[in-house]
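Read through the structure below, which is laid out as structure tokens, and then see the notes.
The values are calculated or read from the model by the stated rules, or taken from the named source; none is laboratory data. Predicted model only: the values in this text are computed from it and were never measured. All Cβ positions, glycine included, derive from the backbone under ideal geometry; neighbour counts span all protein chains shown.
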Amino acid sequence: MQLQEAILTFNEFLDSYKKDHLKSRLLKPVDYILSLGGKRLRPAIVVWINQLYKGNVNDGLLGALAVEMFHNFSLVHDDIMDEAPLRRGKETVHSKWGNNTAILSGDAMLVLVYKILSQLDEAKLKSSLELFNDAALNVCEGQQLDMDFEELSSIKMEEYLTMIGLKTGDLLGASFALGALLSGASQVDIEHLYSFGKKTGIAFQLQDDILDLYGDQKKVGKQTGGDIIANKKTALWIRAFEKADSRQKAIFEKMRTEANSTTKVEMATHLFDQLDVRSNAETIKSEYQKEAFDHLEEINLDDTSKKMIKAFAEDLLNREF
């Protein structure tokens, strides 16, 4: 099975699930956010890996649906915390229905996650729940760290990498691992796939940090320097602050209070270019990519399957949008 086929298979399953299970007023916002689209890479990975290991497709689809439901649950609550008006170009759930309904529908999504997982084969249920629960809690831990960082004047690169590993890497790692677990793959393969996915997720976020400032706005599809405008501490910001002298550190405070977004982005670009932080972020990304591929080489799949997975990761980490 190719990844694109897995995406189509999952989307058909999701459409059927929404039609059959999301009819009440409480679940209308759930149907709404699940209908906003997105790449659906995480659930597709569950289905894809499950089928590469020749697992039961229904188990793979249930695991994929749980992952997608949890991911969107986290987005609903993240958007409330961030006071974000838009998600994928459309109104966020709390903008459309209000905070109280958004919180309640998010809670309902988390309940639905476990209702979906409870339908798994009993022999796989306990281990699936353990894997899923660990990853889900890590995502929440990562979000807490991300919020904590907003209040700090500076953080270390190691702390940032830990945060994105929890917030972004763990759910991607769990998607790869869950697909394998539900197919009956060995524990060794499950662990290697988790590590492969987590390290790929960290590298993915580093690429996202780079594209935010240096990507082509038309390709990226969002405002250049959005993280800078929002005063987010990305890998670029952190390394620049570490390398800056006292004169350059004063520029960070000017950037933070600068009201004109264009000027703010220009200041950051000039400073980051001076300190050569883009190449440093790319080096760290490459290190995580290599570590991910080392884990991939250890799994017990045929060479063709491993090459497909590696090609997917390369496309993801070298993307221009």
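Below is a table of values for the structure above.
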| quantity | calculated |
| --- | --- |
| Failed item in (1) more than 15 Å from L41 (Cα to Cα); (2) modelled with pLDDT under 95; (3) of a type in the set (A, V, I, L, M, F, W, C), with I299 passing the rest | (2) |
| Count - residues of the stretch 92-131 that are crowded, with 16+ Cβ neighbours inside 10 Å and not in a helix (DSSP H, G or I) | 2 |
| Search result, residues across the stretch 255-295 that are at pLDDT below 95 and among the basic types (K, R) | R256 |
| Verdict on K156 being basic (K, R) and over 14 Å from the mean Cα position of the chain (by Cα) | yes |
| Among (1) surrounded by 21 or more Cβ atoms within 10 Å (Cβ to Cβ); (2) over 29 Å from L301 (Cβ atoms); (3) touching a residue at least 40 places away in the same chain (Cβ under 8 Å), the one test that M157 misses | (1) |
| Cross-chain or 6+ apart pairs with Cβ under 7 Å, the stretch 123-143 first and in contact (Cβ under 8 Å) with a residue 60 or more places away in the chain, then of a type in the set (S, T, N, Q) and part of a helix (DSSP H, G or I) | V139/S74 |
| Selection within the stretch 1-58 - of a type in the set (F, W, Y), within 16 Å of S183 (Cβ to Cβ) and within 22 Å of the chain's Cα centre (by Cα) | F10, W48 |
| Matching entry among G37, G55 (being at pLDDT below 95, among the small types (G, A, S) and not assigned by TED's automatic domain parsing to the domain that holds G201) | G37 |
